[in-house]
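Read the structure below first, then the notes.
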Amino acid sequence: AEPLKQHDEL
Amino acid sequence: MNIFRFAGDMTHLCSIVVLLLKIEATKSCAGVSLRTQELYAVVFVSRYLDLFFTFISVYNTVMKVFFITSSFCIIWYMRHHRIVSQTYDREQDTFRVAFLVVPCIFLALLVNHEFSMVEVLWTFSIYLESVAILPQLILLQRTFNVDTLTSNYVFLLGAYRALYILNWLYRYFTEPGYSQWIVWSSGTLQTAIYCDFFYYYVVSWRKNERLSLPS
């Protein structure tokens, strides 16, 4: 599975 | 982090500071939609739940905490401050927020990156932010109040959206594999709504200017 996206924007 | 992203965050931050300073200085929130401010609080709380799970940077954490606390601060002023709360346009600010919140919940459940609690809430917050300005837009159309909602606040919010689009373009061309369709499509819709907001602002500003001209 695709790794969980890190939401680095606010 | 690129310059567009940083400038976008700073204008977003400044827009909130400007609104807070205005409310504090004039002791008035006339023309400000409490419903929009409450939607923003919901947006920030549901999006920044990851404060408890992931650490990205000190900058990221500080900004998230600022957005959450400042949005609740504005709501507190409008609801509970002895003088400010009396200036709230309660009768005009009647937009039914359920019409925005409920579709956003369903859309977040259907279209997301991963079907998990945190991820769905994050997606919900992205969708909700794109339409959260609508109660403010309706209130502005009803009251044509441009004295209290300063040009600075509107300008800074619009600039924040425009800079974020530049940030996405920059990242798309510089970071291999960088792509986020949910954020891009919602952000584009949000920017379009802000353009509409800005249009009404200019129209009401010109109308007010005409009215105040000596005859």
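More than 14 Å from residue B:155 (Cβ to Cβ), in a helix (DSSP H, G or I), in contact with a Pro (Cβ under 7 Å, 6 or more places away or on another chain) and not acidic (Asp, Glu): does that describe residue B:5? Talk me through it step by step, then tell me what you get.
Details: more than 14 Å from residue B:155 (Cβ to Cβ): yes; in a helix (DSSP H, G or I): yes; in contact with a Pro (Cβ under 7 Å, 6 or more places away or on another chain): no; not acidic (Asp, Glu): yes.
For residue B:5, the condition - more than 14 Å from residue B:155 (Cβ to Cβ), in a helix (DSSP H, G or I), in contact with a Pro (Cβ under 7 Å, 6 or more places away or on another chain) and not acidic (Asp, Glu) - is not met.
Condition test on residue B:109, is it in contact with a helix residue (DSSP H, G or I) (Cβ under 9 Å, 6 or more places away or on another chain) and free of Cβ contacts under 8 Å to residues at least 12 places away in the same chain? Can you show your working first?
Values: in contact with a helix residue (DSSP H, G or I) (Cβ under 9 Å, 6 or more places away or on another chain): yes; free of Cβ contacts under 8 Å to residues at least 12 places away in the same chain: yes.
The answer is yes for residue B:109.
Considering (1) loosely packed, with under 15 Cβ neighbours inside 10 Å; (2) in contact with a Ser or Thr (Cβ under 8 Å, 6 or more places away or on another chain), say which one residue B:58 fails and leave the rest.
Single failed check for residue B:58: (2).
Given the conditions (1) within 14 Å of chain A (Cβ to nearest Cβ); (2) of a type in the set (A, V, I, L, M, F, W, C); (3) in a helix (DSSP H, G or I), which single one is not true for residue B:55?
(3)
Select the helices (runs of 4 or more DSSP H) contained entirely in region B:88-161, then report the ones holding at least 1 residues which are hydroxyl-bearing (Ser, Thr, Tyr). Let's see the steps before the verdict.
On the way: elements: B:98-110, B:117-131, B:134-143.
In region B:88-161, B:117-131, B:134-143 are the helices (runs of 4 or more DSSP H) which contain 1 or more residues that are hydroxyl-bearing (Ser, Thr, Tyr).
Among the residues of region B:1-22 satisfying the criterion of being of a type in the set (A, V, I, L, M) and more than 21 Å from residue B:166 (Cβ to Cβ), which is nearest to the other protein chains (Cβ to nearest Cβ)? Step through it out loud before you land on a result.
Start the filter on region B:1-22 by keeping residues that are of a type in the set (A, V, I, L, M), which leaves B:1, B:3, B:7, B:10, B:13, B:16-21.
Keeping just the survivors that are more than 21 Å from residue B:166 (Cβ to Cβ) gives B:17-21.
Values: B:17: 15, B:18: 18, B:19: 17, B:20: 18, B:21: 21 Å.
Once the filter is applied, the top-ranked residue is B:17.
Tell me, please, whether a residue that is modelled with pLDDT of 95 or more, within 13 Å of the chain's Cα centre (by Cα) and more than 14 Å from every other protein chain (Cβ to nearest Cβ) can be found in region B:78-87.
Scanning region B:78-87, I find no residue that is modelled with pLDDT of 95 or more, within 13 Å of the chain's Cα centre (by Cα) and more than 14 Å from every other protein chain (Cβ to nearest Cβ), so the answer is no.
Being buried (at least 19 other Cβ atoms within 10 Å of the Cβ), free of Cβ contacts under 8 Å to residues at least 60 places away in the same chain and within 25 Å of residue B:114 (Cα to Cα) is the filter here, so list the residues in region B:148-182 that pass it.
B:168
Which ones in region B:80-94 are among the charged types (D, E, K, R) and touching a residue at least 60 places away in the same chain (Cβ under 8 Å)? Before you say what the answer is, go through the steps one by one.
Applying the first criterion (among the charged types (D, E, K, R)) to region B:80-94 yields B:82, B:89-91, B:93.
Once the filter is applied, which keeps residues that are among the charged types (D, E, K, R) and touching a residue at least 60 places away in the same chain (Cβ under 8 Å), region B:80-94 yields only B:93.
Is one or more of the residues making up region B:30-46 of a type in the set (D, E, K, R) and within 14 Å of chain A (Cβ to nearest Cβ)? Lay out the reasoning, then the answer.
Here is the first cut: in region B:30-46, the residues of a type in the set (D, E, K, R) are B:35, B:38.
Narrowing the set further to residues that are within 14 Å of chain A (Cβ to nearest Cβ) leaves none.
Looking for residues that are of a type in the set (D, E, K, R) and within 14 Å of chain A (Cβ to nearest Cβ), one finds none in region B:30-46, hence no.
Listed residues B:134, B:107, B:128; which is out of contact with any Leu (no Cβ under 8 Å at 6 or more places or on another chain) and more than 14 Å from chain A (Cβ to nearest Cβ)? Even if it seems obvious, please write down each step before you answer.
Details: B:134 fails: out of contact with any Leu (no Cβ under 8 Å at 6 or more places or on another chain); B:128 fails: out of contact with any Leu (no Cβ under 8 Å at 6 or more places or on another chain).
One residue alone meets the criteria, B:107.
Give the residue that is nearest to the other protein chains (Cβ to nearest Cβ), with candidates limited to residues of region B:62-73 that are under 14 Å from residue B:37 (Cα atoms) and in contact with a Phe, Trp or Tyr (Cβ under 8 Å, 6 or more places away or on another chain).
Step one: of region B:62-73, the residues under 14 Å from residue B:37 (Cα atoms) are B:67-73.
Applying the additional criterion that residues be in contact with a Phe, Trp or Tyr (Cβ under 8 Å, 6 or more places away or on another chain) yields B:67-68, B:71.
Working: B:67: 7, B:68: 11, B:71: 13 Å.
Residue satisfying both the conditions and the ranking: B:67.
Considering only region B:113-163, state which residues are of a type in the set (Ser, Thr, Tyr), within 11 Å of the chain's Cα centre (by Cα) and modelled with pLDDT under 90.
B:153
The values are calculated or read from the model by the stated rules, or taken from the named source; none is laboratory data. Keep in mind it's a predicted model, so treat the numbers as computed, not measured. Glycine gets a Cβ as well: all are built from the backbone with ideal geometry, and neighbour counts include every protein chain shown.
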